[in-house]
Every structure is written in C-alpha cells, then in structure tokens.
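Heads up, the thing below is written out as structure tokens.
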Amino acid sequence: MTPQELSEKLKTKFGKAVIEVKINGVLNPYVKVFPAKLKDVAFFLRDDADLQFDYLMCLSGIDYGKGTLGVVYHLFSMSKRHKITVKVEVPVDKPEVPSVTEVWHSANWHEREAYDLVGIVFTGHPDLRRILCPDDYPGHPLRKDFKVPEFYQGMKVPY
Amino acid sequence: MPETLTAPLKTSTGRLLRTEEMVINMGPQHPSTHGVLRLELVVEGEIVVDVIPHIGYLHRCFEKHAEHMTNYQQVIPYCDRMDYLASMNMDWGYALAVEKLLGLQVPERVEYIRVIMGELQRIASHLIALGTYGLDVGAFTPFLFCFRDREGILDLFETTCGARLLYNYIWVGGVSHDLPPGFVEKAKAFCKYFRPNIKELNDLLTYNEIFIKRTANIGVLPADVAIAYGCSGPMLRGSGVNFDLRRDDPYSIYDRFNWEVQVGKGEMGTVGDCWDRYMVRVREMEQSLNIIEQALEQIPTEGDVQSAVPKKIRPPVGDVYVRSESPRGEIGFYIISDGSTSPYRVKARSPAFVNLSVLPEISKGYMIADMIAIVGSVDIVLGEVDR
C-alpha cells in the first residue's frame, strides 16, 4: 500500500484526529495525529488487514524547542513490507502521550528511554521507570534547555 | 523489630514476593553477562520466575554528544564506540543515514570496500559471539579457536586503517583510506583459510552432545513474540522468520551477490531455541564469506575513495530514519537536521537494546543455569545497549 492510499484510509477512518499528512518532499512520509487519538490509530494500523504494521522499528522522543516535545514512531509491516512514520506533538508543560506498549511490546523500553532522556510521560505504561540514567538523576538530559548539574549527589561533576 | 524486616519484600518493579520466592542479582559483575548488565532474578528454588534487566551502567550519552558536535563527521567515532565489536557496521549505518539526508551517491569502489569490511566485521563479531557462548556453557577450547581466527580479520583491518577495534573508517561519502596494496590477495587467502575452520567449529562445539543438551529447547522465542518485541538479526531469524535487511530493505550493493538468508529450523529441538540462534550465526559466517569472495572478484581496481566526501556537510531541513543490518540486527539512525552543520537530534535504535527487552519473556520457567545460556544467545554488547 502506498503512503497516499494509507493516509486516505486513515483520514476516512479517523477524520479530525489526523492533523497533517506529508508524503512528497520528505524522505520518510509521515502522518501527524492528535496524541489523544494515538492509541486508536496505533491499534488500527496494527490490526487492519490491509495495513498490518506489526513491527515498531523505532520510537524516538524529541525536544523540538519552543515548548514542544514530540514522539516519532517508525512502523514497518513484516507481511506487507511497507512503512509509515507517525508523529505526535505535546506541549512541554503537559508532556503526556498514551503508551503504545499494549500495541507493540517493543515500545516498552523505547518509551522508558524517551521518558528518561526527554521527559515524555507515557500514560498507561506498565512500568515507567528510568532506564539509562540512575533513578535519582535530576532532569532529562536530551531536553534542549538541560544544564549539566555541577554536583551530583554531593560529588563534583568533573567538567 | 526494625520496620524493614516487617515490610513486605518487593522487586524493583513493585511486585510483591511470595514466601517461597527469593531475589538474586546476576551482575553487574558477572562473567556471563558480557559486560555490565544486572539481571534481577526472582527465583523459586532453581526455577526462574521473573527477570528484571537493569541497564545503563555504560551509558555515555551518545545522543547528547552527537548534538554537541560541530559537524556530522565528528559523530562517527562515537558510533564506533557503541557496538565496539562491530564498529564498521555502526559507522556504516550512520554514514548511510547522513548520505540519505544529503542525497549523496558514493563511488562504486567505496560501496565494494564497505561491503567487504562490513561482512568481515560480521564474521569477527559472530566469532566472538560463538566463542564466548561456548565459554558460557562450559566449552573453553572453541573460544580460543574463534579468537585465533578473528585475529586474521583484525590484521586485515589494521593494514587498512591502522586500528584493530575502533576504526573510524567508514566516513560520510567515502572511507578514510584506500585498500593497501595486496589487500585483495590477503583477504582471499583469509577466506580460503577460514572456510574449513567453520567445519572444525561445528565438529568441536555445534554438534557436541553436551552443548546441544544445554541449548536445545531452551529460551524458546516464537516468531510472533519476536516480531511484537521488535527483535532483529539472528534473534529474529533464529525464530524462523525469513527476514534480512540486506535482502528485504536493500541498501548499498547487496543485490549484486548470491547469498542466502539463514533461518532457524528447530533441528535439535524447537524453532527459536538457543541452539537455533547459535546456528544462524554459524551459517551466516559462511554466507558472509560468499559475499566477500564475490565482492573481492568484482571490486573495481581504480577509483578515488574520497572523491564524494563532502567538504562541508549541511543537509537540508528534514528528518530521516535509515536502518541497516549489523551483526546483531537492525541498527537504525533517526537523524533530524535543522539545516545547520551539526545534527539537531540523533536517535540510535540499537539492535541489542531491543533484543534484550524480550529477555523476561523467554526466560521464565527455566533454571538459573539456563539463564546464562539464554543471555549468551541474545548476543548483547552493552556498549550498544546503553549507548
């Protein structure tokens, strides 16, 4: 299925939940959806007989700056061999995105990583703990406004 | 009585322990975890009831470093250090992503050099995986044999770029050095020397009765679970899924060579057990030899390997996700460019990180000793898990 047909299908099914579709002029065609509808869209993408996106290649948390955080999902279908990128954006003061761990199990650790490094809270995640940084680490290092703390647990950070 | 003794005991995920259960930490310093990985095991006697992996001991902020470089080429040495057993493939994955952003075509000779290096690296990486796996389950000699053969590959790398482990060899648009005189002959001689050694390894370890008893029917990973957890590489193919990015999402020039994707067939037990994952790696080494031999025959003799290396890398605004097949599976780089000379965001999707997340799923109900066989069969490199 081409990205064109796919986005048409999503638009007819979800209507206003789809904010933006971009197919031409980008390297990976993407669909931008409202975070509130993300889980429905994810289930649809996985379970629809024509789509069958059963493989979550990558999930990235991003700080776009200017008070916007985002999550980007790169999906692939093992049986149909097609790809699509799904993007959501949330404001930095309420960075809540529904978890898709139920849909793709591989999202579990990816979401923990995005929570740890970018500070996106995935609602409904079964086990949202920090994964790479220590449990008591202050802040989220991949935020653009992150400053390396001078001291960590009373120890001087050596640079 | 202090309160800590009366409070109910919990795991770090908040699971309450029953009276019969006990928590044992395997790692961070444990020889079978291949680095600093801590597994929190909930055991009932010898039976593993639950596993909670704790990672991050080797976290070096690759992604933060990448954002703070002054240009795109400077990120490559950090890619080297992600998967330090397969640095060539890491560099290659990153270079592919930046080249896609730039719309850059690399010269023919460079493509061949990259394929040869990438496949040699795959053999070297698999040799470590297989050798240490034997060591994990109690066979010492194959480990020495594997390291002996890996030396041959490292010598080839050393003659080419001077380094034996962290190469910084594959650059955006080219490679750092052309092949030295006599490389093709030496590489051919290595292939000729190494091919019989695979049979030797099979006789020594693969079909060894004790080894089969330790690995067959252990850590069975069904195909649908493997896909749901995003497993890739030998983990996925060991479960019988016929999928290899080199063939199914082709990049570089892999479509020019004759080779076959190897999958687990459940010869010694169930499809997707530890033995299958092990065997996929053994067979992939043969396939890599086939690719290398064909590439050495076809490689153009002339050509400047740095003719396409850009003086200044300034990709247009945009983002790209590019994936390629490393020895451990799908290494993907998601790069966002804001039009400046350094990346706005680099996310590395490392195969071992995703493969390791399936560990709790495949190890419940086995013995503690089997845990070691299962962790070994996942073939993790903590440098890449933690980045």
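All of the numbers you see were taken from the coordinates with simple rules; none came from a lab. All of these numbers come straight from a predicted model, not from anything done at the bench. Cβ placement follows ideal geometry from the backbone for every residue including glycine, while neighbour counts extend to all protein chains displayed.
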**OP:** Give me B:Tyr167, B:Tyr278 ranked fewest to most by other Cβ atoms within 10 Å of their Cβ, as a rough exposure proxy.
**Re:** B:Tyr167, B:Tyr278
Original post:
How big is the gap, in Å, between the Cα center of the range B:16-47 and the Cα center of the range A:3-40?
Top reply: 44 Å
**OP:** State which helices in chain B qualify, where a helix is a whole DSSP H run, it must extend 20 Å or more along its own axis by its Cα atoms, and its mean Kyte-Doolittle hydropathy must be at least 0.0.
**Re:** B:87-102, B:108-136, B:141-161
Original post:
Size of the dipole of chain B about the Cα centre, Lys and Arg at +1 and Asp and Glu at -1 on the beta carbon, nothing else charged, in debye to 20?
Top reply: 560 debye
Original post:
If you build a Gaussian network model of chain B, linking Cα atoms that sit under 10 Å apart, which residue out of B:Cys61, B:Cys79, B:Cys146 swings the most?
Top reply: B:Cys61
Subject >> Length-normalised contact order for chain B - Cα pairs under 8 Å, 6+ apart - percent >> reply: 25 percent
Subject >> the protein assembly as shown - charge dipole about Cα centre, Lys and Arg +1 at Cβ, Asp and Glu -1, debye rounded to 20 >> reply: 1140 debye
**OP:** Determine the shielding of peptide B:259-268 by partner chains: average, over its residues, the number of Cβ atoms on other chains within 10 angstrom of each Cβ.
**Re:** 0
Subject >> Peptide A:104-117, shielding by other chains (average Cβ, 10 Å cutoff) >> reply: 5
**OP:** Could I have the simple spin-label model distance between B:Gln105 and B:Asp203, label points 7 Å from Cα toward Cβ, reported in nm to one decimal?
**Re:** 5.0 nm
**OP:** Name the most mobile residue of B:Gly14, B:Gly339, B:Gly173, meaning the one with the largest mean-square fluctuation, in a Gaussian network model of chain B with Cα contacts below 10 Å.
**Re:** B:Gly14
**OP:** For a quick protection proxy, order the peptides B:309-320, B:240-251 by their average other-Cβ count within 10 Å, most packed first.
**Re:** B:240-251, B:309-320
Original post:
So what are the three principal axis dimensions of the range A:55-120 from its Cα atoms, in whole Å, longest to shortest?
Top reply: 39, 19, 16
Original post:
What number, in percent, do you get for the relative contact order of the range B:50-208 if the mean sequence gap of Cα pairs under 8 Å and at least 6 apart is divided by its residue count?
Top reply: 25 percent
**OP:** Rounded, prolate or oblate: pick one for chain B, where a ≥ b ≥ c are the square roots of the eigenvalues of its C-alpha gyration tensor, a/c under 1.5 means rounded, and failing that, prolate if a/b is larger than b/c, else oblate.
**Re:** oblate
Subject >> Among B:Leu37, B:Leu102, B:Leu356: highest mean-square fluctuation, GNM of chain B, C-alpha pairs under 10 Å >> reply: B:Leu102
**OP:** Measure nothing but the geometry: give the 0 to 90° angle between the long axis through the Cα atoms of A:107-117 and the longest principal axis through the Cα atoms of chain A, rounded to 10°.
**Re:** 40 degrees
Original post:
Where the only charges are on Cβ atoms (+1 Lys, Arg; -1 Asp, Glu), what is the dipole of chain A about its Cα centre, to the nearest 20 debye?
Top reply: 420 debye
Original post:
Along the range B:342-349, what does the Karplus equation 6.51 cos²θ - 1.76 cosθ + 1.60 (θ = phi - 60°) give for ³J(HN,Hα), rounded to whole Hz, x for Gly and Pro?
Top reply: 10, x, 6, 7, 10, 10, 9, 8
**OP:** Would you mind counting up the charge near B:Met235? Only other residues with Cβ under 9 Å from its Cβ, with Lys and Arg at +1 and Asp and Glu at -1.
**Re:** +2
Original post:
Quick one: A:Lys156, B:Lys192, B:Lys213, fewest Cβ neighbours within 10 Å first, how do they rank?
Top reply: A:Lys156, B:Lys192, B:Lys213
**OP:** Sort out for me the Cα centre separation of the range B:318-371 from the range B:187-232, rounded to whole Å.
**Re:** 22 Å
Original post:
Can you give the calculated 222 nm mean residue ellipticity of chain A, where each DSSP H run of n ≥ 4 adds -39,500 (n - 2.57) and the sum is split over every residue, rounded to the nearest 500 deg cm²/dmol?
Top reply: -6500 deg cm²/dmol
Original post:
Averaged over A:79-90, how many beta carbons belonging to a partner chain fall within 10 Å of each residue's beta carbon?
Top reply: 1
**OP:** Give the long-range amide H neighbours of B:Trp171: residues separated by 5 or more places, or on another chain, with amide H under 5 Å away, using H modelled in the peptide plane at 1.01 Å from N.
**Re:** B:Ser176
Original post:
By how many degrees, between 0 and 90 and to the nearest 10, does the Cα long axis of helix A:3-14 differ from the longest principal axis of chain A?
Top reply: 90 degrees
Original post:
Counting every Cα pair in the protein assembly as shown, what percent are over 45 Å apart?
Top reply: 13 percent
Subject >> Cross-link table B:Lys64/B:Lys311; A:Lys16/A:Lys144; A:Lys22/A:Lys94; A:Lys66/A:Lys144, entries beyond 20 Å C-alpha to C-alpha >> reply: B:Lys64/B:Lys311; A:Lys16/A:Lys144; A:Lys22/A:Lys94
